[in-house]
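So the structure is just underneath, and the comments pick up after that.
The values are calculated or read from the model by the stated rules, or taken from the named source; none is laboratory data. This one's a predicted model, so the numbers in the text were calculated from it and none came from an experiment. Heads up, the Cβs are rebuilt from the backbone with ideal geometry, glycines too, and the neighbour counts pull from every protein chain shown. Side chains are part of the model used for accessible areas, which takes the heavy atoms of the whole protein and leaves out ligands, DNA and RNA. Shrake-Rupley method; radii C 1.70, N 1.55, O 1.52, S 1.80 Å.
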Amino acid sequence: MKEALHETGRRIGRLLGRGGTPDLAKKYPRQLVVSSTPWEVRIALVEDGLPVEFIQEWRQDQGNAGSIYKGRVTKVLPGMQAAFVDIGQEKAGFLYISEISEELLEEDGEGDDDGGGGRRRGNRGQKIQDLLRVDQEVMVQIAKESIGTKGARLTSHISLPGRYLVLMPTEGHVGVSRRIAGEQERRRLREIIHRLKPEGHGVIIRTEAEECSEEELAADLTYLTRLWESIRRDCEAATAPALIHADLDVVLKTVRDLFTSDTDRLLIDSKEDHRRVEEFVKTFQPHLRTRVAHYAGKEPLFDAMGLEPELRKVLERKIWLKSGGHLTIDQAEALVAIDVNTGRFVGKGNLEETVLKTNLEAVKEIARQIRLRNLGGIIVLDLIDMNEHKNREKVHRALEEALRPDKANTKILKISEFGLVEMTRKRTRESVLQQQTKACPCCEGKGFVKDPVAVCHEIFRELLRLAPQVRGKRLEVRAHADVITLLLDAKRATLAEVEQLIKKQVTAKVETAFHEEKFEIVPG
């Protein structure tokens, strides 16, 4: 079945791509593909024909990370040094003391410089009850969207991203993207921003600012400064809880963050979104305007690009590698465990060489799957054990290199003697699994249900427990059909022994609506 799906994707790609997906990938090695309908938006970043990042958003459930609100404090928790803030959503947001900007709590809006050109982030030794009180109004920004049962993670350290810069009105330092490697270029950009930035404001220089002129940086900074002043005015006039500034929608936000100079094409199937993106790019990225294209084919865009077979795999637990090895990905509440196995791959040389080749192939696919599935938090990789230290170093470097294009912050520890790699990845929104699935109604998310034999034995124990409390001579067991069948067949002799012990007759009745684990015992 899976091979048939793969072949279907390849055939569609050949028909609509005039030469197939490989030709398209050769012509456009890196492209951003946007499929938009009235009910959902799907976006894929494609490198060499394979999706490496995938964003799906339903129209009625659009994300709000980055949006700014005027909120009202509903509860202060001294024991956790945090507070709940009502921002008008179903769940109150959570604000830690380290995310409170005292400058925004002051009525005049003016803060002190820390003497080093930047303000100190944090609470300056104070407790949260010294800074916030119930019913106090405060400007906050969503740093992390609501995930599961948790409300949104909030911050009052506002950050406003532009094309080349990120303005931080409550900070004072200047930072440079770690992806800008040249020390001379980093120094040039710092000097420009130190000359241009408003007093007391902080700025982060984004990767796209590399080799930008001072005029381009100044224009971006002017736009962000004016935006901040507008937000301040709107916040003063609003009554909490209220939305003050909505970040760009998912299409324009993705264009801003992922449509960079190394992207060969931006392909969009919606006429309306194509028009909006063209206007946005014309304003903020005019040098990339010719790379924006509209897809007018009859087949769905993701089918035409041959992406659907790969995207169907994002919920699968097992991912096969080209060599015959495979990955097993298990996502839990607190961490993600990824196991590497040689599978069908037996190699041609010695065992160490086979293991090294499998691990090198695996870490590249692991990096792609992490980005594609948007896995975050603590991630543990269980690689195949390698005896030689130099091989462990080689695999560690390969993992670092594979994760380098990922815009989410990651930290990786060295490979342990057991072949384990512990890493973290910043999580700002739900993973694909969390977004597209819910707990199974049969197993309630456990991944398994009790064996009917175990349920029968539980019924026997319950009969022994209840019998002394029942005056009558009969008890009736009501349960799922599989359990009742087992009870009256393979377990009939045991049931007879129970009847002798409790000195009561036991009858059985099938309840078609019952879950396999559920049963009832009532007086007959």
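Could you tell me what fraction of 2.2 N^0.38 Å the Cα radius of gyration of segment 384-476 comes to, as a two-decimal ratio?
2.09
Before I look further, what does the chain give for accessible area per residue, probe 1.4 Å, in whole square angstrom?
Details: 27670 Å² over 524 residues.
On a per-residue basis, the chain sits at 53 Å².
List the extent of the Cα atoms of segment 346-500 along each of their three principal axes, largest first, rounded to whole Å.
Principal-axis extents of segment 346-500 (Cα, largest first): 74, 42, 24 Å.
Treating segment 144-264 as a set of equal point scatterers at the Cα positions, no solvent, please give the Debye-formula log₁₀ I(q)/I(0) at q = 0.15, 0.18 Å⁻¹.
-0.78, -1.06
For helix 492-502, what angle does its Cα long axis make with the longest principal axis of the chain, in degrees from 0 to 90 and rounded to 10?
Approximately 80 degrees, to the nearest ten.
Rounded to a whole number, what % of the accessible area of segment 140-257 do carbon and sulfur atoms account for, probe 1.4 Å?
On the way: 2580 of 5310 Å².
Of the solvent-accessible surface of segment 140-257, carbon and sulfur hold 49 percent.
Show me 261-270, 381-390 ranked by packing, highest mean number of other Cβ atoms within 10 Å first.
Numbers: 261-270: 18.5, 381-390: 15.6.
My ranking of the peptides, most packed first, is 261-270, 381-390.
In terms of solvent-accessible area of protein heavy atoms at a 1.4 angstrom probe, what is the ranking of Leu413, Leu77, highest value first?
My answer, sorted largest first, is Leu413, Leu77.
Given the Cα-Cα distance of Glu511 and Cys443 and 0.36 nm per residue of separation, how much length would full extension add, in nm?
Numbers: separation 68, 0.36 × 68 = 24.48 nm, distance 1.82 nm.
Full-extension gain reported as 22.7 nm.
Taking square-rooted eigenvalues a ≥ b ≥ c of the alpha carbon gyration tensor, is segment 469-524 rounded, prolate or oblate, where a/c under 1.5 means rounded and, failing that, a/b exceeding b/c means prolate?
Note, shape of segment 469-524 comes out oblate.
Report the accessible area of Lys414, computed with a 1.4 Å probe over the heavy atoms of all protein chains in place, in Å² rounded to the nearest 10.
Rounded to the nearest 10, that gives 120 Å².
Given the DSSP H assignment, sum -39500 (n - 2.57) over each helix run of at least 4 residues in the chain and divide by its residue total; what's the result at 222 nm in deg cm²/dmol, nearest 500?
It comes out at -10000 deg cm²/dmol, rounded to the nearest 500.
How do Tyr28, Tyr96, Tyr223, Tyr69 stack up against each other in accessible area, from largest to smallest, with a 1.4 angstrom probe?
Ranking Tyr28, Tyr96, Tyr223, Tyr69 by accessible area, largest first, yields Tyr223, Tyr96, Tyr28, Tyr69.
If you count, for each residue, the other Cβ atoms within 10 Å and average over each peptide, how do 240-253, 324-337 line up from highest to lowest?
Top of the packing list down: 240-253, 324-337.
Between Rg and the Kirkwood Rh of the chain, both from Cα atoms, what is the Rg to Rh ratio?
1.06
Just report the Cα centroid separation between segment 364-424 and segment 258-317, whole Å.
Answer, in whole Å: 30.
On the accessible surface of segment 355-513, probed at 1.4 Å, how many percent belong to carbon and sulfur atoms?
Ligands and nucleic acids excluded, carbon and sulfur give 52 percent.
What is the angle, in °, between the Cα long axis of helix 452-466 and the longest principal axis of the Cα atoms in the chain? Nearest 10 is fine, range 0 to 90.
70
Which whole-number percent is the relative contact order of segment 348-403 (Cα, under 8 Å, 6+ apart)?
55
Could you give me the ³J(HN,Hα) list for segment 189-197, computed from phi with Karplus coefficients 6.51, -1.76, 1.60 and θ = phi - 60°, whole Hz, x at Gly and Pro?
Once rounded to whole Hz, the list reads 5, 4, 4, 4, 5, 4, 6, 8, 5.
Can you flag which of Lys318/Lys446; Lys70/Lys407; Lys27/Lys364; Lys450/Lys509; Lys91/Lys127; Lys70/Lys426 are past 21 Å Cα-Cα?
Values: Lys318/Lys446 18 Å; Lys70/Lys407 29 Å; Lys27/Lys364 23 Å; Lys450/Lys509 19 Å; Lys91/Lys127 24 Å; Lys70/Lys426 26 Å.
Listed pairs above 21 Å: Lys70/Lys407; Lys27/Lys364; Lys91/Lys127; Lys70/Lys426.
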